[in-house]
Amino acid sequence: MDQLRYEDAIGLRPDVYESELMRVNMSRLQFEKICNFLFLIVQLISKYALKNIALGHKVNRRIQTELEIMNLNRELEQRISKEPPNLKKK
């Protein structure tokens, strides 16, 4: 990943990035690979967090639907139990 794009992506000023990079006791390539790896991990975490939120909404909708079905069934059972018994025709 281009250094300037990475700095922008993680929200660092270029001077801070450069000064901190000089303090690291590893090659620049190793450091950039580690940063890229961490960036990818954060992207995956974000992706799964969004999926988790979407699934939570889906579960809540299903729960609401199930409650509505239960209420409708209860109302139907009450209506049926209040109807007069059918008389057998001879």
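The values are calculated or read from the model by the stated rules, or taken from the named source; none is laboratory data. Nothing here was measured: the structure is a model prediction, and the numbers come from that model. Cβ atoms come from the backbone with ideal geometry, glycine included; neighbour counts cover every protein chain shown.
Structure summary
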{"read-out": "Considering residues of segment 15-72 that are closer than 18 Å to Arg5 by Cα and among the hydroxyl-bearing types (Ser, Thr, Tyr) only, the residue modelled with the lowest pLDDT", "value": "Tyr17"}
{"read-out": "First in segment 15-26 and surrounded by 11 or more Cβ atoms within 10 Å (Cβ to Cβ), second anywhere and modelled with pLDDT under 85, Cβ under 6 Å, 6 or more apart", "value": "Tyr17/Glu7; Val24/Phe31"}
